[in-house]
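Note sheet for the following structure.
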Amino acid sequence: MAADTATAQTAAPEPAADTPLRIHTVTAESVLTLAGAAAGALGLDWVLYERVLPFSGVLGFWVSWYVLFLVFYLAIAAFQWDTQAVRDRFFSVTLSTGGILATAIVIDQVAYTVVRGYAAVKHPRFFTQTMANAGPLSPVDVGGVAHALVGTLEQIVLATLLSVPLGILAAVYLAEVGGRAARPVRTLVDAMTSLPDIISGLFILAFAVLTIGLPKSGFAASLALAVTMLPIVTRASETVLRIVPGTLREAAYALGGSQWRTVLSVVLPTARSGLATAVVLAIARGIGETAPVLLVAGYARGMNANPFNGWQTSLPLYVYYEIQSPAPADRIRAFGGGFALIILVLVLFTIARRIGGGTPGELTRRQRRRLEKQRARWSRAREGMSA
Amino acid sequence: MPAEAQTQMIPAVPEDTPRAIVAQASMGDRVFRGVLRASGWSVFVITGLILVFLIVRADKAFRFMGAQFLTTSAWITFSPQHFGIAAILPFGILIALIAMIIAVPTGIAIALYISEYAPPRLKRPLIALIDLMAAIPSIIFGLWGLLFLLPRIIGFDSWLGRHLGFIPVFNFRLSTSIAANYVGSTFIAGVVVSLMVIPIITSLSRQVFSQTPQGEREGAYALGATRWGMIRTVVLPFGRGGMIGATMLGLGRALGETIAVTLIINPAWKFNYHVLESGSNSIASRIAVDFGSFPDAGSMGLSALMAAGLVLFGMTLIVNTLGAIVIGRSRSGAATAD
């Protein structure tokens, strides 16, 4: 029976979906053609751009290099291959550039903020001081982001508490109840994910602050953040819930489970890691939002740890105000705030990737080991019973 | 064979669909479904509340300016009040258009690269990278655009202005040799916004591309298509709806981008289409800059901002909803639809 179990187990997790056909196209010719076009374009670009024509600027240099490179590549390829192949290779090269470009931009933005921010962050008191005693003319080692860090953390926790339960319930509605009536809800959720971020701030200003009379505070800011985060949470969680296999639900129903039992004990636990990823990604999106909090949080230079009373500053708001100051020290501090913000986003992002490894139902190594042990215990118990 | 029965607990085939269950729902289930339905429809409640409160607050400004709200270029909200969106709305649309011209081809190229060309090892990191790009705060885009990109793009700007000036859009009426004439232009704002739109377009269209039926792809290969031939004849037609929807959702995002635009542009009050020249504007950035001046709830200034916000909200809501409908259509029939 042991052998039986082993074969059944190795067979079971095999995905039934068909895997794509892979075509290998890397040959010496293709690599050399690329390299030749790149080098030739670089040379010609240097001669034309720097020596012959009256152009200047780094960006222009690389734009014209890229255009020359494409022309060279087309020409060299046309010497060797037929039209179909040339077209195919040309598009592989252009589309690959897209991937490289995106990578370069993200790395550049993160690196630029981190490098510029280091000048402020290297003073250890930057994370323990507030701006209460620092003016625009104070040196960089006076004043910091302690109050903004506290504000950001409090606001994002409140916004998460407000938006995540509602967002996940709405996602369960879309995925589990569904049907024709759910379609407009899904459409609107999709539409609201790219709602202008200033509108949620304006809404909370008109609704909570001016009508209900809630003071401008960290709580008002977290309400605005919650409005921004809600559709993001819903959208991302729904995608995760949808990939929970239908067989699991049927198994639960077959055991006599009601729908709420099935959702609580089968669907949600199966999708747990994916849901956690969805939530953390939404937090990462929310934590960097400036526009919603701009209108309703106010701006405090000192520490205000009470989100329900008094104006409160969050990190993006801090950066926004400091960068608009003409004083060099303020600008350095703004980058320090940006440093802290981007590190927070990166940490959240890493957490999200860690917990949300595979598709729902796919077990981590530890979970599989635990299941293995449990199984062994069960089968021992059964054998004991039958003996 | 108890072991066999146990191994069947492992979820296997994702293809089978759940059986329709015909049974009287229990009390617990009815309550449960009620709660779910209420939370699902809360999105409509929130959207409705946004509309209602913006309309109520904007009423005063609309009454005061009437139809002139649409034709006035100035924004003077203290007495004698004279304000309207004739400059800030088209400027904002122009920024969004420039962003879309850059972002749509780039975003779709990246999506095609990830779904069709990238080696399997690189796929997941690249998807994560695009997610990360979407999560980079707009204030960071603003800092980067203002202090990193701006000084580097001015050379390119002046090249465009000097050599392509015969194209009306690139026409440059100011002295081309003064750097300050390029700062804070519609074009630079559009470039930065395009970078914020790319992740939206990429991730939405990639999802649709990756749902292209494997059989059709292999059919195209079997008929002798090259990879690009397969993409052109199978993937792109299949993903057309997704691309259109993604473009519209991206446009909605671009129209409403606030902080990066606010940091980059120099406010201008007379609309012009010379995108390289210093000076631009947008509704969202006007709200962000102006809101602090009116502490009192009944003031005309605040009401004017609410009116501008209402126009922005209405416009983006229409664009986004159309986009979402197109995306939803293109999904149906695929595994994720109902």
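At-a-glance table
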{"quantity": "Residues along segment B:227-260 losing 30 Å² or more of accessible surface when the other protein chains are present rather than the chain by itself (probe 1.4 Å)", "calculated": "B:Arg227, B:Trp228, B:Leu249, B:Arg253, B:Thr258, B:Ile259"}
{"quantity": "Hull shadow area, averaged, the protein assembly as shown [alpha-carbon convex hull, nm²]", "calculated": "37.9"}
{"quantity": "Shielding by partners, peptide A:113-119 (average Cβ within 10 angstrom, other chains)", "calculated": "2"}
{"quantity": "For segment A:100-116, 3J(HN,Hα) per residue [Karplus equation, 6.51 cos²θ - 1.76 cosθ + 1.60, θ = phi - 60°, Hz, x = Gly/Pro]", "calculated": "5, 4, 4, 4, 4, 5, 4, 4, 5, 5, 4, 5, 4, 5, 5, 5, 5"}
{"quantity": "Whichever aspartates and glutamates have a C-alpha closer than 14 Å to that of A:Lys122, once near sequence neighbours (fewer than 8 apart) are set aside", "calculated": "A:Asp141"}
{"quantity": "Part-to-part distance (alpha-carbon centres) for segment B:86-150 and segment B:298-315, which is given in Å", "calculated": "29"}
{"quantity": "Cβ neighbours within 10 Å from other chains - mean over B:315-325", "calculated": "5"}
{"quantity": "For B:Thr71, solvent-accessible area (1.4 Å; no DNA, RNA or ligand), Å²", "calculated": "100"}
{"quantity": "Apportionment of accessible area to carbon and sulfur, segment B:44-187, percent (1.4 Å)", "calculated": "71"}
{"quantity": "5 angstrom amide H check on B:Phe83, placed H, neighbours 5+ away", "calculated": "B:Ile76"}
{"quantity": "In the B-A interface, the accessible area buried, summed over both sides, Å² (probe 1.4 Å)", "calculated": "10300"}
{"quantity": "Distance histogram in 10 Å bins (all Cα pairs of segment A:37-125, percent per bin)", "calculated": "14, 31, 27, 17, 8, 3, 0"}
{"quantity": "For segment A:229-241, Karplus couplings with θ = phi - 60° (6.51, -1.76, 1.60), whole Hz, Gly/Pro x", "calculated": "7, 3, x, 5, 4, 4, 4, 5, 5, 4, 4, 5, 5"}
{"quantity": "Contact order relative to length of chain A, as percent, for alpha carbon pairs under 8 angstrom and 6 or more apart", "calculated": "19"}
{"quantity": "Relative contact order (%) - segment B:217-338, alpha-carbon pairs under 8 angstrom, separation at least six", "calculated": "34"}
{"quantity": "Karplus 3J(HN,Hα) series, Hz, for segment A:175-182 with 6.51 cos²θ - 1.76 cosθ + 1.60 (x for Gly, Pro)", "calculated": "8, 9, 8, x, x, 5, 5, 7"}
{"quantity": "Diffusion coefficient, µm² s⁻¹, Stokes-Einstein with Kirkwood Rh over alpha-carbon pairs of chain B at 10 °C and 1.306 mPa s", "calculated": "68"}
{"quantity": "Span-rule helices in chain B, defined as complete DSSP H runs reaching 24 Å or more along the axis (Cα) with Kyte mean at least -1.0", "calculated": "B:27-65, B:88-112, B:186-209, B:240-256, B:300-331"}
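The values are calculated or read from the model by the stated rules, or taken from the named source; none is laboratory data. These figures come from a predicted structure and were not determined experimentally. Here Cβ is always computed from backbone atoms with ideal geometry, including for glycine, and neighbour counts include all displayed protein chains. Surface areas here come from the heavy atoms of the whole protein model, side chains and all, with no ligands, DNA or RNA. Shrake-Rupley method; radii C 1.70, N 1.55, O 1.52, S 1.80 Å.
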